[in-house]
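A short write-up of the structure that comes next.
The values are calculated or read from the model by the stated rules, or taken from the named source; none is laboratory data. None of these values were measured; they are calculated from a predicted model. Please note: Cβ atoms are built from the backbone with ideal geometry, for glycine as well, and neighbour counts cover all protein chains shown.
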Amino acid sequence: MTYLVDTHSHLNHEKFQDVRATLEQAASVGVEYIIVPGWDLESSERAVELAEKFKNVFAAVGYHPHDAAKADDTSLKKIADMSSHEKVVAIGEIGLDYHYNLSPPEIQRKVFEAQIEIARSVKLPVSIHNRESDQDLITILDKHIQTGWVLPRRFDYQIRLQPRGVLHSFISTLEIARRATKLGFYLGISGMVTFGKSDRTELQKVVATFEPEYFLVETDAPYLAPAPCRGKTNEPAFVPYIVDRIAVLQELTVEDIRRITSYNAYKLFGIGAKPAAKIAYQIRNSLYLNLTLRCDADCIFCDRKGEAMVKGHNLHIEKEPSAQELMNEIGDPKRFKEIVFCGYGEPTIRIDVIKEVARYVKDNGGMTRLDTDGHGNVINHRDILPEVNGLIDAVSISLNSTDPEEYGKLMGTPSGKQWDSMFEFAKEAKDFIPKVYMSVVGVDGLDIESAKEFVEKKMGVEFRLRPLF
């Protein structure tokens, strides 16, 4: 099972007298890495000391809004100096807190912005505390991001949306979550997601709504112990309770959430390792076959030429798998709900491999699905649908737009021609494949309702909205 990362745990708090024992307990449940944030100069120094002492502990340094009034130019200079330590992975815990106002709001804002500038200067992400200060928080973040933000120093690859930090122990609204994630921030999900027995809390609604690619998991130990540990001192070993609840709300497996959130921690903080590329990968109880990175389109929302990651799986294969290699990965297809032919490229480029593997799956009692842009007939210079009759149980076709010109811009294909071929492919697919879906990606500005009406009423098939990440 994939390791876990507790991305916010105050092991520098006085309640943790035996840190080694706490780490051993965490390791016993798979929590392999822990980030310890400071809240002032002394606690930041303690975080660095722990990071130096234990190889799986990393530090964040900074002034919490409660302690902002204690920060002066000299102490902030020391925070900046500490940030160059090889095991300091963030500036934090910084931010705003208008609930207690233990430091005056104007001082909080000044110190917060000063520490953002430190983060930018040393190329580190930020770990942000936010309580009852949503508007000022977004205003400050928007201001600094518009003036430019550098890549975290530990990245060895490029990404489309540059991650800039995390809103630690997130408790704000759906709207703030949307605005923050669009600015490049993750949402830190703490034990509060386990409070209550339903999915009716605002935090649970956020977790159920957003893709898990936006989540980090954290305990905020020694505070906010998750159910069923309420009343106890929180500790990193309680992370699995948080992961379990996220999995329920997301309707994913626990392993899915472990894998995705651990990769997110790597992506933001450089902790752990990027997974090796896979030719077959499981999400929920379906097995996806990664056939190719080649494609006849160049969609604006596709990261095929970048990381090529899906739900924490690395699809950046260097060699296309053979049919036999894929069949070896499948084994008994009845173990899975369905075998899905996909990839970060267009799978029908390898139609002969699809047919051979699909025949194996069907001969052994399995179910199959094809995810495609609908250009298979153009790519192969023939009608391929009769060839997959009886081999493919379902097909998902990327509609993306009902307007050919807009489609061409989204897909990076010539206006009109490829849309027409996709449309004809979708119409004909109903004659050869039992279940047909058409999907759009949730790109800002698209008329989703018109697309839904087009798919359901004009095409007479099922509509699916694919989230953009």
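So that you can scan it fast, the table gives a plain yes or no per residue for (1) under 17 Å from residue 225 (Cα atoms); (2) surrounded by fewer than 22 Cβ atoms within 10 Å (Cβ to Cβ); (3) among the aromatic types (Phe, Trp, Tyr); (4) touching a residue at least 24 places away in the same chain (Cβ under 8 Å):
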| site | (1), (2), (3), (4) |
| --- | --- |
| 15 | yes, yes, no, yes |
| 27 | no, yes, no, yes |
| 45 | no, yes, no, yes |
| 55 | no, yes, no, no |
| 64 | no, no, no, yes |
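Within region 288-308, the set of residues being within 19 Å of the chain's Cα centre (by Cα), closer than 19 Å to residue 340 by Cα and hydrophobic (A, V, I, L, M, F, W, C) comprises 302, 308. Scanning region 322-349 for residues that are under 16 Å from residue 385 (Cα atoms) and surrounded by 23 or more Cβ atoms within 10 Å (Cβ to Cβ) gives 341, 346, 347, 348. Report, by residue number, each residue of region 117-147 that is among the hydroxyl-bearing types (Ser, Thr, Tyr) and at pLDDT below 95. Within region 117-147, 121, 147 meet the criteria.
Of all residues being of a type in the set (Asp, Glu) and part of a helix (DSSP H, G or I) in region 33-53, which is farthest from residue 3 (Cα to Cα)? Just the residue, please. Across region 33-53, the extreme among qualifying residues is 42.
Being modelled with pLDDT of 95 or more, surrounded by fewer than 17 Cβ atoms within 10 Å (Cβ to Cβ), in contact with a Lys or Arg (Cβ under 8 Å, 6 or more places away or on another chain) and charged (D, E, K, R): is that true of residue 319 here? Criteria not met by residue 319.
Report yes if residue 243 is under 30 Å from residue 16 (Cβ atoms) and under 19 Å from the mean Cα position of the chain (by Cα), otherwise no. Show your work before the answer.
Working: under 30 Å from residue 16 (Cβ atoms): yes; under 19 Å from the mean Cα position of the chain (by Cα): yes.
Against the criterion (under 30 Å from residue 16 (Cβ atoms) and under 19 Å from the mean Cα position of the chain (by Cα)), residue 243 qualifies.
Conditions (1) in contact with a Leu (Cβ under 6 Å, 6 or more places away or on another chain); (2) within 21 Å of residue 283 (Cβ to Cβ); (3) at pLDDT 95 or above; (4) in the same structural domain as residue 304 (by TED's automatic domain parsing), marked per residue:
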| site | (1), (2), (3), (4) |
| --- | --- |
| 363 | no, no, yes, yes |
| 400 | yes, no, no, yes |
| 411 | no, no, no, yes |
| 426 | no, no, yes, yes |
| 441 | yes, yes, no, yes |
| 452 | no, no, yes, yes |
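A count restricted to region 148-172 and to residues that are at pLDDT below 95 and within 15 Å of residue 188 (Cβ to Cβ) stands at 2.
Can you tell me which residues in region 309-332 are at negative phi and under 18 Å from the mean Cα position of the chain (by Cα)?
Initial filter on region 309-332 (at negative phi): 309-310, 313-330, 332.
The answer is 309, 310, 313, 314, 315, 316.
For residue 453, the conditions (1) closer than 23 Å to residue 355 by Cβ; (2) assigned to a helix (DSSP H, G or I) all hold with the exception of (1). If the condition is being at pLDDT 95 or above and part of a helix (DSSP H, G or I), then region 178-202 contributes 191, 192, 193, 194.
Taking the conditions exactly as written (free of Cβ contacts under 8 Å to residues at least 40 places away in the same chain and among the charged types (D, E, K, R)), does residue 134 satisfy them or not?
On the way: free of Cβ contacts under 8 Å to residues at least 40 places away in the same chain: no; among the charged types (D, E, K, R): yes.
It is false that residue 134 is free of Cβ contacts under 8 Å to residues at least 40 places away in the same chain and among the charged types (D, E, K, R).
In region 407-443, the residue that is surrounded by the fewest Cβ atoms within 10 Å (Cβ to Cβ) out of those that are within 31 Å of the chain's Cα centre (by Cα) and free of Cβ contacts under 8 Å to residues at least 24 places away in the same chain is 408.
Quick check on my filter: what residues within region 105-132 are hydroxyl-bearing (Ser, Thr, Tyr) and either touching a Lys or Arg at 6+ places or on another chain (Cβ under 7 Å) or surrounded by fewer than 24 Cβ atoms within 10 Å (Cβ to Cβ) (or both)? Please lay out each step first, then the result.
Residues of region 105-132 that are hydroxyl-bearing (Ser, Thr, Tyr), as a first pass: 121, 127.
Answer for region 105-132, where residues must be hydroxyl-bearing (Ser, Thr, Tyr) and either touching a Lys or Arg at 6+ places or on another chain (Cβ under 7 Å) or surrounded by fewer than 24 Cβ atoms within 10 Å (Cβ to Cβ) (or both): just 121.
Here residue 2 clears all of (1) assigned to a loop (DSSP other than H, G, I, E, B); (2) within 18 Å of residue 190 (Cα to Cα) except the condition numbered (2). Taking residue 334 as the residue in question, decide whether it is out of contact with any helix residue (DSSP H, G or I) (no Cβ under 8 Å at 6 or more places or on another chain) and of a type in the set (Lys, Arg). So residue 334 fits the description; yes.
Evaluate region 254-269: report whether one residue or more is of a type outside the set (A, V, I, L, M), more than 16 Å from the chain's Cα centre (by Cα) and crowded, with 17+ Cβ neighbours inside 10 Å. Step through it out loud before you land on a result.
Looking only at region 254-269, we keep the residues that are of a type outside the set (A, V, I, L, M), and these are 255-256, 258-259, 261-264, 266-267, 269.
In the following step, the residues that additionally are more than 16 Å from the chain's Cα centre (by Cα) were identified as none.
No, every residue in region 254-269 fails to be of a type outside the set (A, V, I, L, M), more than 16 Å from the chain's Cα centre (by Cα) and crowded, with 17+ Cβ neighbours inside 10 Å.
Listed here are the residues, each with its yes/no results for (1) within 21 Å of residue 462 (Cβ to Cβ); (2) touching a residue at least 40 places away in the same chain (Cβ under 8 Å); (3) touching a Ser or Thr at 6+ places or on another chain (Cβ under 7 Å).
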position: 348; (1), (2), (3): yes, no, yes
position: 367; (1), (2), (3): yes, no, no
position: 378; (1), (2), (3): no, yes, yes
position: 391; (1), (2), (3): yes, no, yes
position: 397; (1), (2), (3): yes, yes, yes
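The requirement of being touching a residue at least 60 places away in the same chain (Cβ under 8 Å), under 12 Å from residue 83 (Cβ atoms) and either in contact with a strand residue (DSSP E or B) (Cβ under 6 Å, 6 or more places away or on another chain) or hydroxyl-bearing (Ser, Thr, Tyr) (or both) is fulfilled nowhere in region 101-117; no residue meets it.
Scanning region 352-372 for residues that are in contact with an Asp or Glu (Cβ under 7 Å, 6 or more places away or on another chain) and either over 19 Å from residue 382 (Cα atoms) or in a helix (DSSP H, G or I) (or both) turns up 355, 364, 367, 368, 369.
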